[in-house]
Structure formats: C-alpha cells, structure tokens
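Working notes, beginning with the structure itself.
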Amino acid sequence: MKHLLLALAFLASTAAAGPLKVVCTVTDLGWLAAEVGGDDVEIIVLCPGEYDPHFLPAKPSLARKLGKADLLCYNGLELEVGWLPVLIDKARNTKVRDGQSGHLDCAHALEHILEVPEGEISRAQGDVHPHGNPHYLLDPRNGILVAHLMAERMAELRPELADGFRDRADALEADLLPRIAAWEGAAASPRAHPLVHYTKQWEYLEAWLGLACLGAVEHRPGISPSPRHVDELVTQAKYAGVTQLIAAPWNHLDIGQKAADRMGASLVILPAAVDSQDGADSYPAMFDLILTRLTTAEED
Ligand SMILES: [Zn+2]
C-alpha cells in the first residue's frame, strides 16, 4: 500500500510538471532540443531562422516567452550578447538565470573554439566576438556534442525521463554520423578552388570540410567594406581562380553580387541556420542544401 501511494504521488508530480518548457535562442538549437527532448519537451525558439541572430530586437513578447521556461538553451560566445541578457533580465524567471540549472550555454559542449582572439581587440576591427567564433553549429560534429549536453541537462531537470533524453541523443548521433561522412565526401569538388565569403560566419564549415577561404568581402564584421579592400580581394580572387562567393541570406547581397561578378565567381547564398531558407527545415536538411549549393555552383 505504501509503495502504491508513493508511486501514485510520483505519477502525480510528473503529470503536474508536464513537458519541460525549453526556450532556445536559435533554430539550430531548437531543432536539436526537439530531437533530444521528444514528446517530453515543448520548444520555443526566440530568433526566427531568417533573422540574423547577431541583431534580434529584444521585444517584450520574447521576454514573456522566456518567463515561462524551465530551460534556456543558447549558443553563447556572445552570439546573442545584443539581446539575450536584456531578455533574461526582463523575463523575471529565476530558473533561467546564469548559474541555475535552467541556464545552458551550449558552447560549453565544444572541444575546439575557433579564433579566440589574442591580445586586445578594438571596435575598429568591427563586430569581433571576444571569446572566439560563435558559429560552431555550422559544423555538424558540434551539433552532436550539443545534443549530448542538452540530454544531460534535461536529465538533471527531469531525472525520471533521463533514459529517454540520453537514448534520443545517441540515436541522433547514430543518424548524423553517416550523413557527416557523405557530406565530407561531397565536398571534394568545392575543395578544388578557394572561395571567398561575404562575412565571418563560415569558418567552422570551412574548417570541417577542408574548404580554403581567401578572405571576406566585409572583412570587419558589421562595417561596410572599403572600395580599396574589395578591389584588392577581387584581384586576389581572380588570380587564385575563386569560383564561389558564399553568403548568408541576411548579408548585403547586392554588394556580394557586385563583388562576385567582378571576380567572375557565383554568389552562392547558403542557409546559415535551420529555416533560414526554403528547404533547410531541419539541421540535416540545412547541410544537404549547403553541399548541394556548393557542388552545383561548382559545376556551372
Ligand atoms: Zn558572428
């Protein structure tokens, strides 16, 4: 009888708790959290896929969404520095404050962070991320690391559901590994030529796939490039036989197109996040589309 009562009390507490309410800052994290959480979570994403996550307006409606969360998963490395601290402050939800178990900096999953600056950085360099390059989710191996980190944190918040979270993270890894090998194989043709990117965003993708990048059109992030810089890059790109200038959908594509034309290269607009373009409606679909675009443009 005592055991039955305990069991009933346990069931009642789980039912009352309901699904874990997870707020993710960006769509890639939203997709990963949904995979790991399954039916045991409710996911809300703050920054829609087609928005540049560096510059999301910190609207009160977003703070209200965060106010109801059990767990906040964010990219970190200051990607969201312009808006997330404001939202956390306005949300009045102690669960998601720094230091609480409902506050998860997904960059803590990483084994390697690219471009951690050495020495002083100044505003003259543009919008440089002081703790290193935050665009790590464009390497799917990092997506796997993040999925496991999410599973552990969800397990901490809902111990009775821990096995499910961990099993789903393992299943996601098993699904992604053969895809990763296929994407790496598909990158052979784009590897034949160096590329140029519009602005800093693609370093993890390039490092993972072994793509050589000659430089950025917007070399100081967030600051319009000087005509002299573009002239120099165009000269270098022509000399090196660059065939592709890659850009995110939210970049200044008019400037990118002009530079690509002068280089004799194609402007290749890649999904920089889940849901940033049609067809990129999942994390694997985003990489499928990236590799398709890179290889198709190569054959033009
Ligand atoms: Zn950035």
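Measuring nothing but how far apart in sequence close Cα pairs (under 8 Å, 6+ apart) lie, relative to its length, the range 144-300 scores a relative contact order of 19 percent.
Put a dot 7 Å past the Cα of PHE55, heading toward its Cβ, do the same for ALA174, and the two dots end up 4.4 nm apart. Testing the spin-label approximation: label points 7 Å from Cα along Cα→Cβ at ASP98 and ALA240. State their distance in nm. Between ASP98 and ALA240, the simple spin-label model gives 3.7 nm.
Cut-off under 16 Å on the C-alpha distance; same-chain residues fewer than 8 positions from LYS200 excluded. Which aspartates and glutamates are left, in chain and number order? Counting by Cα, and skipping residues close in sequence, LYS200 has these aspartates and glutamates nearby: ASP52, GLU78, GLU80, GLU115, ASP127, ASP139, GLU218. The accessible surface of the chain, taken with every protein chain in place and a 1.4 Å probe, is 54 percent carbon and sulfur.
Can you figure out the FRET efficiency of ILE223 with ALA17, using R₀ = 45 Å and their beta-carbon distance, to the nearest 0.05? If you can, show how the numbers build up before the last one.
Details: r = 48 Å, r/R0 = 1.06.
Efficiency at R0 = 45 Å is approximately 0.40.
A 1.4 Å probe run over the protein chains yields, for the chain, 47 Å² of accessible area per residue, whole-number rounding. Net charge around LYS65, counting only other residues with Cβ within less than 12 Å of its Cβ (Lys, Arg = +1; Asp, Glu = -1)? So the environment of LYS65 carries a net charge of +4. Evaluated at q = 0.23 Å⁻¹, a Debye calculation over the C-alpha positions of the range 187-299 (equal weights, vacuum) places log10 I(q)/I(0) at -1.36. Between the range 189-247 and the range 141-176, the alpha-carbon centres lie 36 Å apart. Seen from ALA162, the other residues with C-beta closer than 10 Å to its C-beta sum to a net charge of -3, counting Lys and Arg as +1 and Asp and Glu as -1. Among ASN251, ASN75, ASN133, which one moves the most in a GNM of the chain with springs linking Cα atoms closer than 10 Å? In this elastic network of the chain, the residue with the biggest mean-square fluctuation among ASN251, ASN75, ASN133 is ASN251.
Please check: in the Gaussian network model of the chain (C-alpha springs, under 10 Å), which one of PRO284, PRO159, PRO53 has the largest mean-square fluctuation. It is PRO159. Cross-link partners of LYS65 among lysines, defined as those whose alpha carbon lies under 29 angstrom from its own and excluding same-chain residues fewer than eight positions apart: LYS21, LYS90, LYS95. Note on the chain: percent of Cα-Cα distances in each 10 Å bin, starting at 0 and stopping at the bin with the largest distance, equals 6, 26, 32, 21, 10, 3, 1, 0, 0.
How long is the gain from ALA212 to ASP278 if the chain were fully straight, where each residue apart is worth 0.36 nm and the alpha carbon distance is subtracted?
Additional length available on full extension: 21.1 nm.
Once the Cα-Cα distance is subtracted from the 0.36 nm per residue extended length, the ALA181 to THR295 segment shows a gain of 39.5 nm. Site pair ARG166 and SER189 shows an inter-label distance of 4.4 nm when each label is modelled 7 Å from Cα along Cα→Cβ.
Dividing the helix sum by the residues of the chain, where each DSSP H run of 4 or more adds -39500 (n - 2.57), gives a mean residue ellipticity at 222 nm of -14500 deg cm²/dmol. Ordered from longest to shortest, the equivalent ellipsoid semi-axes for the range 88-240 are 36, 24, 10 Å, each the square root of 5 times a Cα gyration tensor eigenvalue.
In the chain, Cα pairs under 8 Å separated by at least six residues give a relative contact order of 16 percent. In the range 141-184, which residues have a backbone nitrogen under 16 Å from the label point lying 7 Å from LEU114's Cα in the Cα-to-Cβ direction? So the set is 141-144, 184.
The values are calculated or read from the model by the stated rules, or taken from the named source; none is laboratory data. These numbers were taken from a predicted model, which means no experiment stands behind them. Heads up, the Cβs are rebuilt from the backbone with ideal geometry, glycines too, and the neighbour counts pull from every protein chain shown. Calculation scope for accessible area: heavy atoms of the full protein, side chains included, ligands and nucleic acids excluded. Shrake-Rupley method; radii C 1.70, N 1.55, O 1.52, S 1.80 Å.
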